[in-house]
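Every number here is computed from the coordinates shown, using simple stated rules; none is lab data. Quantities reported herein were computed from a predicted structural model and do not represent experimental measurements. Please note: Cβ atoms are built from the backbone with ideal geometry, for glycine as well, and neighbour counts cover all protein chains shown.
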């Protein structure tokens, strides 16, 4: 099974050039059958509840989902990350105007949102997640929103369906890039995601 069979590299290249104007874009990536098999793999992992409140006292982030942040290095999800890195790394070299960061998918998180959970309130990812964040949606519904500010009342729903890969810009993709506020809410069926990121801090240890 290779999700690259369903990822159009020409479309990836075209869409990367749009991330200066659109902070998040979803692309077709995996078949329904792949999503079913990958969901089974996701359910074999052990999860813990996310910390209910994180962030600072002045800018709290509210979380209601399950996660596994310790995926074994030989797990198939790491193979997916390696496949995607092989596609995105050369394309990013062509499309990025900022060249101060390398790109490697060295951070992996699997999240599961049970039906009726409140998801996660508007927040920005850590500043050390660099260049590009990728999220593969395996199952479920819900709304992935981009917000102009932390206020959850405002926001644009990104069309992001199971089998799609979300590309979201991060610092280093272009000079002066501003991390977008984003949230997930309104889940009625189990939402499973695999998040893949370049955490620059892991390269310093």
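Placing dummy labels 7 Å off each Cα toward the beta-carbon, the span from residue 79 to residue 109 is 2.5 nm. Label sites at residue 48 and residue 70, each approximated as a point 7 angstrom past Cα along Cα to Cβ, lie 0.7 nm apart. What does a probe at residue 186 reach in the stretch 118-133, counting residues whose amide N is under 17 Å from the point 7 Å along Cα→Cβ? Those under the cut-off are 118-122. In the chain, helices alone account for a calculated mean residue ellipticity at 222 nm of -6000 deg cm²/dmol, with every DSSP H run of four or more residues adding -39,500 (n - 2.57). Extension gain, residue 157-residue 57: 0.36 nm per intervening residue step, less the Cα-Cα distance, totals 33.3 nm. Divide the volume of the convex hull around the Cα atoms of the stretch 3-203 by the residue count and you get 118 Å³ per residue. For the stretch 3-203, what is the relative contact order in percent, using Cα pairs closer than 8 Å and at least 6 residues apart in sequence? This gives 28 percent for the stretch 3-203. Rounded, prolate or oblate: pick one for the stretch 106-182, where a ≥ b ≥ c are the square roots of the eigenvalues of its C-alpha gyration tensor, a/c under 1.5 means rounded, and failing that, prolate if a/b is larger than b/c, else oblate. Oblate, since a/c reaches 1.5 and b/c is not below a/b.
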